[in-house]
């Protein structure tokens, strides 16, 4: 259909346009621009959603456009879910009959982080489609949906010319899901975006950064415009001079702030695994004095131990101290 429309005269196209709703016309324009190579996904995101995206976010958007696989290791609070949601909607709206699949380690993360951003963005932009909590359907087979699972069979039957798969908090996604996703990314127009805090190189997410075929992006706090705008560096955080450099409002108040980094530097220390991962956006090197690796702690924090998820009653083994208060003894 799109190739046929490219042959229309201006009068024929205007006649067709008059029969469409504004939402239908927007989708058709996106399809035509995509077919002719005229669409710029960064411009689309800024114009349709009325937002400003900064340099590293633009880098992620362009990498997904240009590469089959993109891996993003990122610090805390730089808009990972924000830009992932915009990429999901841009891809869906501008690729005819496309499928967007998102997953994360837990359903709470799917519903309340990435899909919360998708729902808010869809509403603000008045985009077409039937929107549910974790599903957006434009028409039968043209759809985006999110789920959390350890069952690789959940990926069966997902096939389309255009497929985008987003792994949010990718470090915690089960290895079998990574393998299952390979089965839906078989075409040249399919894309995989994996994004998250880098806590453990010994994961499938870590493997992406060793694969020469994967486009790799690193985002640390010092890449954020809340730091680059004032020239704030790690050295400024260490010696406390960062405060004197801030002479106006932060350009992106929703992103991580220098005061947060200064607090975490004092609390964790520059060489700690938490600081390396959450502040610098780097895979941590565990020290010789580490008893419990950060990767174990993060995995435990995100593990769903509900009876429904585990499939059997949950049993706790607790080593209770002998020093109990009267309240605890009761």
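Please treat every number below as a calculation from the coordinates, not as lab data. All values reported here derive from a predicted model rather than from experimental measurement. No Cβ is skipped: glycine too gets one built from the backbone with ideal geometry, and neighbour counts run over all protein chains shown.
Worth pointing out:
- The modelled label-to-label distance between residue 235 and residue 55, using points 7 Å beyond Cα along the C-beta direction, is 1.9 nm.
- Value in Å of the Kirkwood radius, where segment 127-183 supplies the Cα pairs that are averaged: 12.7
- The mean sequence separation of alpha-carbon pairs under 8 Å and at least six residues apart, normalised by the residue count of segment 222-285, gives a relative contact order of 28 percent.
- Rounded if a/c under 1.5, otherwise prolate or oblate - segment 151-196, Cα gyration tensor axes: oblate
- Working note: Debye formula, equal point scatterers on the alpha-carbon atoms of segment 222-285, no solvent; log10 I(q)/I(0) at q = 0.17, 0.28 Å⁻¹ is -0.55, -1.30.
- Reported to the nearest whole Å, the Cα centre-to-centre distance from segment 194-224 to segment 56-83 is 10.
- Simple spin-label estimate for residue 312 and residue 126 gives 5.5 nm between the two label positions (7 Å along the Cα-to-Cβ direction from each Cα).
- Per residue, the convex hull volume that the Cα atoms of segment 67-166 enclose (Å³): 113
- Spin-label model, residue 116/residue 182: points 7 Å from Cα along the beta carbon direction are separated by 3.5 nm.
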